Amino acid sequence: MYRVMLIDDEPWTLQGINETFQWYQYGFEVIGTYTFATVALQDILEKKPDVVFTDIRMPVINGIEILNTIREKQLETEVIIISGYGEFDYAQGAIRQGAFDYILKPIDDGVTGELLKRLKNKLDQKEAERNRMIINMLLESPEEIELGQCGLHNQYPYYQAIAWCCIHNSGMKEYLQKIIDLNFMEIKLTDKIYYIVNCCNDLFEMIERENFEVTVGISNLSPAIGSVQHLISQAAVASEYRFITNKNQAYSYHDIQSQKLIPFIKGVVKTLNEGLFVDFIELAEQIPRLFLENGYSVEDLCILWNKIIMNVEMIFPARFQNSALDLCDWQQLEHKFCSIDAMIRTLIDEVQYCFGRSEFDPDNENEIKSINFNSVLKFLNNNYHKQLKLKDLSQMFYINKNYACFLFKRYTGMTYSEYLNKLRMENAKEMLVATSYTIAEVSEKSGYVDYFYFCKLFKKTYGVTPTQYRQRPIELAN
């Protein structure tokens, strides 16, 4: 939300301005209304709002003087001048001095939305440009970052990074803005917002107490702004601890502890080398609890995953080539799976495939060799008439959507849509012969809400319309 301050020496006019604009709808929040321009100017210099709406004629300090002071102090605040018809030329002069725009009293409801839309576009562009500038400085010369230009001041001895995992929620920014004397810079990267904060002590406990309903990752402290890249990386790793806990809360960064995992990794490798698949499953299923109880991070999980994958490849080189297993960094691991539980399910399924056996029917070569995917198929076979999307089905069984596509191709030779249509068409054929349902009813009970699409697909599949098939099913079947 962009922060707005309103200034007018007439209280009723001030109230009218506040009520006329649909602030929240366009992404704005009024953080202060003032009838005394001197008080307003003091707060503007301290709080640095994104936007100021100010009357042009006021006692002591007028709107033009407020505008000039904002520009002299090099604030990025946008200023909108409010004027009467008699001050029209005066207001136009303000535009030449750097005001964003002016509006005339009485304010016309019809112009407010368009003004806020243009204002938001301007602020979005400024924010994007500032973000690009900061990112370039971080990548090219972090030691030479101009702190004031980024919104930071070397006021306290430490720097700390905060990863806020909700790009459309400004809760952390609003929280930091309320802390007196705290200064920070904001960086938006992919699906996270990062805040680099100049502070006197670790902010973790203070942020943890706020109970934000968003995942927050917090880095260690550093005395040097030049280490900001490292701090951002730490905050990112900390924020991905949700992958292990499945809880939205604040997490602090911990150094890699993979050395402690060596005995466990050796035990897993032993089961692979000796072909002990049941023992492998038992160890693999312990991984989520092991990581949760010992505070291991996604970096540790990545090391464990890659050690297992490398050994599977060495033991089963031929089958490994046709599996969905591959080496990952921690970002790829988090992107590939929705949670640690989904990761373990996939690991067990793919190692089972590499072993070339099925826990429930090892002698049947035609049996689907994926316990988890078998459950998907059984569910789909019984619920094909429902409006099922692969994304929903994947979430239901904790399988990554891309992995589910891979499994459909491997085990059925068809895409998800092809397999689903095959089930529906076969069911439609049976109903056309065995029931007296109308064609529209057969379409609906087979899972097709569009009758015309059903008829078109049926003819494409079988070469005849549903009506023609019902009339001559035996002849056409032959």
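Short-range pairs are left out: with C-alpha atoms under 8 Å and at least six residues apart, the relative contact order of the chain is 7 percent. Each listed q (0.12, 0.16, 0.20, 0.24 Å⁻¹) maps to a log10 I(q)/I(0) for the stretch 209-308 from the Debye sum over equal C-alpha point scatterers, namely -0.48, -0.75, -0.99, -1.22. Between L75 and N273, the C-beta separation translates, for a Förster distance of 51 Å, into a calculated FRET efficiency of about 0.20. Sequence-distant contacts, meaning Cα pairs under 8 Å at least 6 residues apart, place the relative contact order of the stretch 418-477 at 28 percent. Helix 63-72 and the longest principal axis of the Cα set of the chain meet at an angle near 70°.
Rounding to the nearest 10 and keeping the result within 0 to 90°, find how far the Cα-based axis of helix 451-462 lies from the longest principal axis of the chain. The answer is roughly 40 degrees. A cut-off of 5 Å between modelled amide H atoms, ignoring neighbours fewer than 5 places along the same chain, links Y34 with L6, I7, D8. Using only Cα coordinates, the Kirkwood hydrodynamic radius of the stretch 1-133 works out to 14.8 Å. Shape annotation for the stretch 258-355: C-alpha extents along the principal axes are 35, 27, 20 Å, from largest to smallest. In the stretch 155-273, the inverse of the mean reciprocal separation of distinct Cα atoms equals 15.3 Å; this is its Kirkwood hydrodynamic radius.
Peptide packing: for 30-37, 337-344, 324-331, the average count of neighbouring Cβ atoms within 10 Å per residue gives the ranking 337-344, 30-37, 324-331, highest mean first.
Dividing the convex hull volume of the alpha carbon atoms of the chain by its residue count gives 222 Å³ per residue.
When both bridge partners sit in the chain, DSSP labels roughly 45% of those beta bridges antiparallel.
If you wrap the tightest convex hull around every Cα atom of the stretch 418-477 and split its volume per residue, you get 71 Å³. Can you classify the stretch 367-447 as rounded, prolate or oblate using the Cα gyration tensor, where a ≥ b ≥ c are the square roots of its eigenvalues, rounded means a/c under 1.5, and otherwise it's prolate if a/b beats b/c and oblate if not? Prolate, since a/c reaches 1.5 and a/b exceeds b/c. Where only DSSP H runs of four or more residues are counted, the chain gives -16000 deg cm²/dmol as its mean residue ellipticity at 222 nm, each run worth -39500 (n - 2.57). Each Cα pair under 8 Å and six or more residues apart adds its sequence gap; the mean of these over the residue count of the stretch 144-252 is a relative contact order of 33 percent.
With a simple spin-label model that places each label point 7 Å from the Cα along the Cα-to-Cβ direction, the separation between R410 and L189 comes to 3.3 nm.
Rule-based calculations on the coordinates, nothing more; no lab input. This structure is a prediction, so every number in the text was calculated from the model and none was measured. FYI the Cβ positions are ideal-geometry reconstructions off the backbone, even for glycines, and counts take in every protein chain you see.
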